[in-house]
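Chemist: Please see the structure below; I have some questions.
The values are calculated or read from the model by the stated rules, or taken from the named source; none is laboratory data. As the structure is a prediction and not an experimental result, all values here were calculated from the model. Using ideal geometry, Cβ is built from the backbone for each residue, glycine included, and neighbour counts are taken over all protein chains shown.
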Amino acid sequence: MIRLRGSPFETDHETPETMSPTVHALVRFWWIVAAGLVAAVLVAVALAAQQPSPLYTAIENVLVTSPSAPYLRTVPAATKAKPASSSTIQTDTQALVNAANLYPLLIQSESVAKLRDSLYGPSRGTLAVSALASSTNTYGVYHPSPLPVITVKASAHRPAAAQKLAVDTVKAFDVWIVKRQTASGIPAAQRISVDRLGVKMHSTGKRSYGLPLFAGLIVLLGFCGLAVVADRLRPRRDEPAEESAPARPHRHVA
């Protein structure tokens, strides 16, 4: 039968005489070790909470094109003598490049954001739209892109939220531009359209739990050392012997 003594870990199978001095100190001052375990967990959780959350970025490239697909042919589309609203006419590729440099402002406009939220629900994250290969120098001079491609970057702390913001923004802008073209009476053959080229995901600032675990281990070892020091400063008294005193020898009278 197991008999408890000074701590919940001390039994007849592990007596102070059979345990090493370090284990004896930890068992004797087990409440210090338990307090150290709690402190180690608190320190590890606090350090883990202070680390920055990973940031996910969804990048979607959009091609600015037209029904005549000028970037898919070597010969311009033929022009009819009397073009109608449904006829195919030649598209100026420079007009598509100019549109690609202008559309980032429209994509980030408040009207497109409201349309996106009304069609697909609210989206969380930050949005950055620019023409591919465009740049701005240190003096603030903008250099337009020579390519009819727009880059939409959506960042959020969850990959699904970042992808939703990028995809919903492009889809909402496609709906918005078609409505504006229809309201302006632009023939279908003369309309500029946007084609999605796919979404790529990137992540930065991943969390590392190595430092919190290491700090928690150091705290726990410090409390264990405190228990050993306390055991050295306060030696344990031996329990009084429970055996009865030996009987006195009887003298024989001659």
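Chemist: Would a scan of the stretch 99-115 turn up a residue that is in contact with a Pro (Cβ under 6 Å, 6 or more places away or on another chain) and among the aliphatic types (A, V, I, L, M)?
Modeler: Applying the first criterion (in contact with a Pro (Cβ under 6 Å, 6 or more places away or on another chain)) to the stretch 99-115 yields 100-101.
Now restrict to residues that are among the aliphatic types (A, V, I, L, M): 100.
Looking for residues that are in contact with a Pro (Cβ under 6 Å, 6 or more places away or on another chain) and among the aliphatic types (A, V, I, L, M), one finds at least one in the stretch 99-115, hence yes.
Chemist: So, one more: Of the residues 106, 165, only one is closer than 22 Å to residue 53 by Cα and either surrounded by 13 or more Cβ atoms within 10 Å (Cβ to Cβ) or of a type in the set (Asp, Glu) (or both); which?
Modeler: Details: 106 fails: closer than 22 Å to residue 53 by Cα.
The conditions single out 165.
Chemist: Next question, about the same structure. Hey, any hits in the stretch 175-191 for a residue that's assigned by TED's automatic domain parsing to the domain that holds residue 46 and surrounded by 15 or more Cβ atoms within 10 Å (Cβ to Cβ)? I'd like the intermediate steps shown before the answer.
Modeler: Narrowing the stretch 175-191 to residues assigned by TED's automatic domain parsing to the domain that holds residue 46: none.
Looking for residues that are assigned by TED's automatic domain parsing to the domain that holds residue 46 and surrounded by 15 or more Cβ atoms within 10 Å (Cβ to Cβ), one finds none in the stretch 175-191, hence no.
Chemist: Now for a different question. Checking residue 116 against (1) farther than 20 Å from residue 158 by Cβ; (2) surrounded by 13 or more Cβ atoms within 10 Å (Cβ to Cβ): exactly one of these is not met. Which one?
Modeler: Failed condition: (1).
Chemist: While we're here: Give me the pairs, please: first residue somewhere in the stretch 156-174 and hydroxyl-bearing (Ser, Thr, Tyr), second residue anywhere and assigned to a helix (DSSP H, G or I), beta-carbon distance under 6 Å, and either six or more positions apart or on two chains.
Modeler: 169/116
Chemist: So, in the stretch 42-72, exactly how many residues are in a helix (DSSP H, G or I) and within 26 Å of the chain's Cα centre (by Cα)?
Modeler: Residues of the stretch 42-72 in a helix (DSSP H, G or I): 42-50, 70-72.
Filter once more, keeping what is within 26 Å of the chain's Cα centre (by Cα): 42-50.
Qualifying residue count, the stretch 42-72: 9.
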